[in-house]
1. Give the relative contact order (percent, whole number) for the chain; include only Cα pairs under 8 Å separated by 6+ residues.
2. Keeping to pairs on different chains or 8 or more places apart, tell me how many lysine pairs in the chain have Cα atoms under 27 Å apart.
3. Multiply the residue gap between E86 and F30 by 0.36 nm, knock off their C-alpha separation, and tell me the result in nm, one decimal place.
4. How large is the dipole of the chain about the Cα centre if only Lys and Arg carry +1 and Asp and Glu carry -1, each at its Cβ, rounded to the nearest 20 debye?
5. Sort the following peptides by mean Cβ neighbour count (other Cβ atoms within 10 Å, averaged over residues), highest first: 108-118, 49-59, 77-87, 30-40.
6. Ordering T148, T11 by accessible area with a probe of 1.4 Å, largest first, what comes out?
7. Along the principal axes of its C-alpha atoms, what lengths does the stretch 84-160 span, in descending order and rounded to whole Å?
8. Please find, in a Gaussian network model of the chain (springs between Cα atoms separated by less than 10 Å), the residue of R119, R106, R138 whose mean-square fluctuation is greatest.
Amino acid sequence: DLSQLVRKLYTLTIIKHGEKLLLGFKKRGFGQNKINGFGGKVESGESIANAAVREVDEESGLDVSRTIRKVGLLEFSFEGENTLMEVHVFLADGFAGQPRESEEMRPEWHPISSLPYDRMWADDRLWYPLLLAGACFRGHFHFKGHDTVLEHTLREVPVQ
Ligand SMILES: Cc1cc(-c2ccco2)c2oc(N)nc2c1
């Protein structure tokens, strides 16, 4: 019964340059020690796309304001918790600036042919193939803790 859940907005941005993705090793906070795209909470009063651009700048030093496109919507819920994370996923096919390490994130390039799925969130191996195929997608992943997906739904949706 998802209607009793407290829904919070987040962004997640993956940066693609040729056949490599720029991902970040999360040094602290939520998702610590996992490799992920750049993202975080959407603050009140800011648009979701602007929140995505802000998070990429804060966590990697890069400007993706002219290159991000919306590619997905992912919902994450957790066994025994009443929070639902509504994560708006963006893909940036270019950037300005040089990647730099921040307090939160250590940016690192990964070849698409060898993504470190075992060091990423467990849902990634399910929806990254859709992202990399240029599809738009919608999914819901119900976690037990931070490492086990108990059940999920995932479908491709028409490109906006
Ligand atoms: C539970 C969860 C949360 C996030 C997240 C938080 C902020 C932005 O994304 C994830 O990101 C990925 N790839 N899997 C994720 C699972």
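The values are calculated or read from the model by the stated rules, or taken from the named source; none is laboratory data. These numbers come from a predicted model, not from an experiment. Heads up, the Cβs are rebuilt from the backbone with ideal geometry, glycines too, and the neighbour counts pull from every protein chain shown. The area values use the complete protein model at the heavy-atom level, side chains included, leaving out ligands, DNA and RNA. Shrake-Rupley method; radii C 1.70, N 1.55, O 1.52, S 1.80 Å.
1. Numbers: 344 pairs, mean separation 42.0, N = 160.
The value is 26 percent.
2. Lysine pair count for the chain: 26.
3. Working: separation 56, 0.36 × 56 = 20.16 nm, distance 1.49 nm.
Result for the pair: 18.7 nm of gain on full extension.
4. On the way: 20 positive and 24 negative charges, 50 e Å.
Using Cβ point charges on Lys, Arg, Asp and Glu, the chain gives about 240 debye.
5. Details: 108-118: 11.7, 49-59: 21.1, 77-87: 14.1, 30-40: 19.1.
Going by the mean number of other Cβ atoms within 10 Å, highest first, we get 49-59, 30-40, 77-87, 108-118.
6. Details: T148 70, T11 5 Å².
The ranking, largest first, comes out as T148, T11.
7. Cα extents, longest axis first: 38, 33, 26 Å.
8. Evaluated over the chain, the most mobile residue of the options is R119.
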